[in-house]
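Below: one structure, written as C-alpha cells.
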Amino acid sequence: MDYVELSKEVSYALRHAPWEYELELDSEGWVSATQLLEALSNSGKWRNVNLEDLQYMINTSEKKRHEINNNKIRAIYGHSIPMKILKEVRRPPSILYHGTSHDALDSILMNGLLPRSRQYVHLSQDINIARQVGKRRDEKPVILKIDADLAYNQGISFYYGNEKVWLADTIPPTFIQVYVK
Ligand code: HQG
C-alpha cells in the first residue's frame, strides 16, 4: 500500500473536504475511523484499507499530521473547512518561526501573517521545520522570527498543534522580524 498517497487522501478528507466522504467532523476535528475507512473502501482505490493501515501511515510519517484515539481519527492541523476546528489555547515557546516565499514578504510585513486558505497561521519552534515549510514555495525561503512571548503577553492567542506545529489566528506585523532573507 502507498502510505504517502493514503496520507494525502486522508488529509484531503479530514482537512478540506469531509463532505465528499460523507463525514462530519466534530468541533475538534474528530470523525469515526470506521466511517472514514468505509468511505475510502467505497472509492475502490483503498478497497482493503483498515485501521492498522491508518495507524501505520501515522507512525511512519515524518510529520505527525493525524492522530487516532478511541476509534476516532483527526487531522491535527491544516484545516480549510468553513467550520473552525477548536484547538487548545496554550502559552507558546518564546520564539516561533515561519518559512515563506520572497513573493509573500512585503504583504506579510504590511498585513501580518494571515491564515489565507487555512483556518490558522502555522508556526514552528524549529527553524529547520520553518525552512522546510517555506521550501514548498521558494527554493531559498524567507524565515520570519515571531516574538511569540510578546505577542502572547499582548493578547494574541496561540494554539497547540503538535510538538512541531503551533497555530495562531493572525500575527500582526509588529511581532514579526525577518530572520533569513
Ligand atoms: C503566506 C504543510 C501574503 C504564508 C506545511 C504561506 C505546514 C501570506 C501561505 C502547513 C500572508 C499560506 C501550513 C500575507 C501568510 N500576505 N502571503 N499577509 N500571510 N501568507 O500552505 O504555513 O505537509 O496555507 O507565508 O508544512 O505554508 O500539508 O500555510 O506561504 O505545516 O502537513 O500564505 O501545511 O503541512 O500557505 O503551511 P499554507 P503554510 P503538510
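Sorted on the mean count of surrounding Cβ atoms within 10 Å across their residues, most packed first, peptides 135-141, 166-172 read 166-172, 135-141. Once you have the alpha carbon radius of gyration of segment 3-75, what is it after dividing by 2.2 N^0.38 Å, with N set to its residue count? Here the Cα radius of gyration is 0.97 times the empirical estimate.
My understanding is that a pair violates if its Cα-Cα distance is over 29 Å; which of LYS87/LYS140; LYS8/LYS181; LYS64/LYS84; LYS87/LYS181; LYS140/LYS164 do that in this structure?
Working: LYS87/LYS140 31 Å; LYS8/LYS181 31 Å; LYS64/LYS84 20 Å; LYS87/LYS181 31 Å; LYS140/LYS164 21 Å.
Over 29 Å Cα-Cα: LYS87/LYS140; LYS8/LYS181; LYS87/LYS181.
Per atom type, segment 1-120 shows carbon and sulfur on 46% of its accessible surface, probed at 1.4 Å. Between ARG137 and SER43, full extension at 0.36 nm per residue minus the direct alpha carbon distance yields a gain of 30.7 nm. Against the criterion of solvent-accessible heavy-atom surface with a 1.4 angstrom probe, SER61, SER117, SER7 sort, most first, into SER117, SER61, SER7.
Using only alpha carbon pairs under 8 Å that are at least six residues apart, calculate the relative contact order of the chain and give it in whole percent. Please list the in-between numbers first.
On the way: 323 pairs, mean separation 37.9, N = 181.
21 percent.
Dividing the alpha-carbon radius of gyration of segment 100-145 by 2.2 N^0.38 Å (N being the number of residues), what value is obtained?
Numbers: Rg = 10.2 Å, N = 46, 2.2 N^0.38 = 9.4 Å.
Here the Cα radius of gyration is 1.08 times the empirical estimate.
Based on protein heavy atoms only, segment 3-75 ends up with 56 Å² per residue of surface accessible to a 1.4 Å probe.
Please work out the average accessible area per residue across segment 113-163, using the 1.4 Å probe convention, and give it in Å².
Using a 1.4 Å probe on heavy atoms only, each residue of segment 113-163 averages 55 Å².
Would you please give the FRET efficiency between GLU62 and THR174, computed as 1/(1 + (r/R0)^6) with r the Cβ-Cβ distance and R0 = 30 Å, to the nearest 0.05?
Values: r = 34 Å, r/R0 = 1.12.
About 0.35, to the nearest 0.05.
Each pair of Cα atoms in segment 95-178 enters the Kirkwood radius, and Stokes-Einstein at 37 °C and 0.692 mPa s then converts it into a translational diffusion coefficient of 263 µm²/s.
Using only the heavy atoms of the protein chains and a 1.4 Å probe, how would ARG91, ARG47 rank by accessible area, largest first? Mind dumping the intermediate values first?
Numbers: ARG91 125, ARG47 165 Å².
Highest to lowest solvent-accessible surface, that is ARG47, ARG91.
Along the axis of the charge dipole computed for segment 76-139 (Cβ charges of +1 for Lys and Arg, -1 for Asp and Glu, origin at the Cα centre), the listed residues ASN128, ASN111, LEU86 are led at the positive end by LEU86. Taking GluC sites (Glu not before Pro) across segment 30-121, the ones in a DSSP loop with at most 15 further Cβ atoms lying within 10 angstrom of their Cβ are GLU62. Under a model in which nothing but the beta-carbon of Lys, Arg (+1) and Asp, Glu (-1) is charged, the chain shows a dipole of about 460 debye around its Cα centre.
Note on the chain: Cα convex hull, mean projected area over all directions, 10.5 nm². Sites listed here are chymotrypsin sites (Phe, Trp or Tyr not before Pro) in segment 41-129 whose DSSP assignment is loop and whose Cβ has at most 13 other Cβ atoms within 10 Å, and the list is empty.
The values are calculated or read from the model by the stated rules, or taken from the named source; none is laboratory data. Since the structure is predicted, the reported quantities are computational estimates derived from the model, not experimental observations. Here Cβ is always computed from backbone atoms with ideal geometry, including for glycine, and neighbour counts include all displayed protein chains. Heavy atoms of the whole protein, side chains included, go into the accessibility calculation; ligands, DNA and RNA do not. Shrake-Rupley method; radii C 1.70, N 1.55, O 1.52, S 1.80 Å.
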